[in-house]
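Here the structure is laid out as structure tokens; the discussion comes afterwards.
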Amino acid sequence: MLSSTTILCALFFFLFVILKIHHHRQKCHEFRDIFEAFENGIFIADSETWKYNRSLFHSLFKQRGFEFFQEKIIQNKFERSLIPLLDHFQQQGSVVDLQDVFNRFTFDNICSIVLGCDPNCLSIELPNVACEKAFDQIEECIFYRHVRTKCFWMFQKLLQVGQEKKMTKAYKEFDQFIY
């Protein structure tokens, strides 16, 4: 079983790799188009915007208080939600989709740390939380854009059909949640 410290280390490693190698190349327009849902965030920013975002994140991640905050949030979610949920399913003798459970766990932690609110996706009822589903849909659509030609998904976007229609709807839903 993964500890919260392991999960936190994996997150920091991922961010370290992204931040370290990012300055070696500029993003192409196709990359920006595929990841347009992230707007001009650190994952698709270039030049001065990227340097500003990088220094902002570095100053935050270097603070010991932030590490304690993250650890506390993850540990709390682990002890008060994940373990009781898994215990509940075990006692019921029910089958559970672990990928869904861990997606919910991750989404709740990200929202708690970044936005300061817990959408509580990881409760015994496994509720259908619109913002979490929208986030999953955005991820799926970004993957879809990688495996289809740009011409194809741009045409779908223009006509608002297929995955691009889902992307537009999910983006609006998630945007409403954020703001």
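Residue ranges 101-111, 144-154, 75-85 sort as 101-111, 75-85, 144-154 when ordered by packing (mean number of other C-beta atoms within 10 Å per residue, highest first). Modelled spin labels at Ile110 and Leu159, positioned 7 Å past Cα toward Cβ, are 3.0 nm from each other. A viscosity of 0.890 mPa s and a temperature of 25 °C, combined with the Kirkwood radius over C-alpha pairs in the Stokes-Einstein formula, give segment 79-174 a diffusion coefficient of 164 µm²/s. Only lysines eight or more places from Lys77 in sequence, or on another chain, were considered; none has a Cα closer than 17 Å. A simple count of charges around Phe78, restricted to other residues whose Cβ falls under 11 Å of its Cβ and scoring Lys, Arg +1 and Asp, Glu -1, yields 0.
Quick note: the coordinates plus some simple rules give every number you see, no bench work behind them. Given the structure is predicted, the values throughout are model-derived calculations rather than measurements. As a convention, Cβ positions derive from the backbone with ideal geometry for all residues, glycine included, and neighbour counts pool all protein chains shown.
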